[in-house]
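K.L.:
Okay, here's the structure, questions in a sec.
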Amino acid sequence: MIVTRSGFTLTVDIHGMKEGDAKKELERLLSSAAKDITEIVVIHGYSGGQVLKNMVRQKLSHPRIKQKVLSLNHGETSLLLH
């Protein structure tokens with residue numbers, strides 16, 4: 001998992017990860033992200049399969065997630081945080 005920060009946004013690339021590992025790492029990141037982080041952009045891809053996209057959009061939950069925003073780019077989802 002590759003994480004980069006730009007201002008108040010983290011961008012996370014989970015390409016190639018197994019669903020369970022990606023979910024666990026995203027939950028850990030959500031718990032440990034600085035309070036000034038307001039958005040996490042998850043790059044999950046979609047052309048190689050739907051497993052990671054579906055996990056992020058349907059199964060991932062955490063108290064910090066205020067809203068999930070589907071991007072025009074089908075390979076990423078934005079998580080707006082409390």
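K.L.:
Carbon and sulfur: what percent of the chain's accessible surface (1.4 Å probe)?
P.N.:
54 percent
K.L.:
Over 19 Å between C-alpha atoms is what I'm after, so list which of Lys23/Lys59; Lys18/Lys66; Lys24/Lys59 land there.
P.N.:
Over 19 Å Cα-Cα: Lys18/Lys66.
K.L.:
While we're here: Accessible area of Thr11, 1.4 Å probe, to the nearest 10 Å²?
P.N.:
Thr11 exposes around 40 Å² with every protein chain in place.
K.L.:
Something else now. Tell me the angle of helix 19-32 to the major Cα principal axis of the chain, expressed in degrees between 0 and 90 and rounded to the nearest ten.
P.N.:
10 degrees
K.L.:
Would you compute, for the Cα atoms of the chain, the largest minus smallest coordinate along each principal axis and list the three values in descending order, in whole Å?
P.N.:
33, 25, 21
K.L.:
What accessible area per residue, rounded to a whole number of Å², is obtained for the chain using a probe radius of 1.4 Å?
P.N.:
Counting only protein heavy atoms, the per-residue value for the chain is 59 Å².
K.L.:
In sequence order, what are the phi-derived ³J(HN,Hα) couplings for the range 45-62 according to the Karplus relation 6.51 cos²θ - 1.76 cosθ + 1.60 with θ = phi - 60°, rounded to whole Hz, with x for glycine and proline?
P.N.:
x, 7, 6, x, x, 9, 4, 5, 4, 5, 4, 5, 7, 10, 9, 6, 9, 6
The values are calculated or read from the model by the stated rules, or taken from the named source; none is laboratory data. Only a predicted model underlies this, so the values are computations on that prediction, with no experimental measurement involved. The accessibility values were calculated without ligands, DNA or RNA, using every heavy atom of the protein model including side chains. Shrake-Rupley method; radii C 1.70, N 1.55, O 1.52, S 1.80 Å.
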